[in-house]
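Have a look at the structure below, then the notes.
Each value in this text was obtained by applying a stated rule to the coordinates, not by laboratory testing. Note that the structure is a prediction, hence the values are computed from the model and not measured. Cβ atoms come from the backbone with ideal geometry, glycine included; neighbour counts cover every protein chain shown.
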Amino acid sequence: MKIFLFLSIIAEYNMQLQRISILNYKNLSQVDLTFSSKLNCFVGENGMGKTNLLDAIYYLSFCKSNTNPMDSQNILHDEDFFMIQGFYETITGDTEEIYAGVKRRQKKQFKRNKKEYERLSDHIGFIPLVLVSPSDSILIEGGSKERRKFMDVVISQYDKEYLEALIRYNKALEQRNALLKSEVPVEPELLLVWEEAMAQYGTMVHNKRAEFIKAFIPIFQSYYSIISQEKEEVKLSYESHATGKNLLHEIKSSRSRDQIMGYSLVGIHRDDLLMELGEFPIKREGSQGQNKTYLIALKLAQFDFLKKKDAVQPLLLLDDIFDKLDSARVSQIVNLVSGDGFGQIFITDTNRQHLDKILLGSNANYEMFSVHNGTVKKVSNEKE
């Protein structure tokens, strides 16, 4: 396979997280940290709070937790609120303050420079971020919903029209499903209103997903080839009811079946990504190491795609990614992420040796932190 990457593209701007303050978020009662502009490493045993710390950074980009969308459940036990405050520096030297606050039984507050957003969706994409974590395994093991979410997260960060079309499609889908479940007869014209909306916005979503996947595949395959040292070949393809068809016709044709089932069987809410190793589904054929390589290649390609698409360098969060990988693949990943193509990086691991290896191969500045029972402390940053 021909190897090519897009890491040579220089970001026109990037957003670096200078410092963060956290109160009562999950098991983090009070955390105040100042970060390196390049590498930030967190070491500690499982369950100590490393992932929660990365999740707080994730929250400031996506207005929600990656692991638990129920905000009230992310408040530290016996407390009434949580607060996350991040201070970012732009390439011009300006500071952007992002604030997230949640109190029990009250509306979430999300502010940029002390001004509250009217719609949380307006914030998405302002601080691009890519997270690589063990939970990514659900992309292979889980249902199509998880793979659609992967596409949605990437495209929404650079295309506001996509996010708006997706929101409108889901509202139309919800209304149509409510009518399909109705115990009283529903006028066909009323169903048609929502079917036309589903078709209009669904076609927009489909076209943007298809465009994304077409551009994304070669980047992803290149990363996989590098990490695996060209030992395997992988494929990725997009399946949709809208591919090569009139979506409105397909939805209307399914109406009688949908009324029997009580929900919509046809639409872009059923889209999927086919993930293959060689000629077979990776879910069936892949080893633990191959599956993890596939997932890491997906996420590094996501980083590269966002950087190329919007001339922006996302934050990169790597949560315990080295487990189940052989030393050769770990070395390839270390060489990739410690290079000039990546900006500010946050890494967690239970194994200090992995982190030291990254630092040994990098001349970049870094900070090292230990995490224990929700307490985060800066430790010596002398390379061992």
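Quick one: Cα centre-to-centre distance for segment 151-219 and segment 270-318, in angstrom? Segment 151-219 and segment 270-318 have Cα centres spaced 24 Å from each other. For trypsin sites (Lys or Arg not before Pro), the sites in segment 97-170 that DSSP calls loop and that have at most 16 other Cβ atoms within 10 Å are ARG104, ARG105, LYS107, LYS108, LYS114, ARG119. Restricting the calculation to alpha carbons of segment 242-334 gives Rg and Dmax of 19.5, 56 angstrom. For segment 117-204, GluC sites (Glu not before Pro) are listed when DSSP marks them as loop and at most 10 other Cβ atoms sit within 10 Å of their Cβ; the list is GLU118, GLU183. Restricting the calculation to Cα atoms, every distinct pair contributes to the Kirkwood radius of segment 144-311, found to be 17.4 Å.
Listed cross-link partners LYS26/LYS378; LYS64/LYS307; LYS283/LYS377; LYS160/LYS324 are compared with a 30 Å cut-off, the Cα-Cα value being larger for LYS283/LYS377; LYS160/LYS324. With the largest listed first and rounded to whole Å, the semi-axes of the equivalent ellipsoid of the chain from the Cα gyration tensor are 37, 27, 19. By the rule of a C-alpha distance below 16 Å, with chain neighbours fewer than 8 residues away ignored, the lysines paired with LYS171 are LYS181. Partners of LYS115 within straight-line reach, counting lysines whose Cα lies under 16 Å from its Cα and excluding those fewer than 8 residues away in the same chain: LYS107.
With the simple model of a label 7 Å out from the Cα in the direction of the Cβ, ARG257 to GLU230 spans 4.5 nm.
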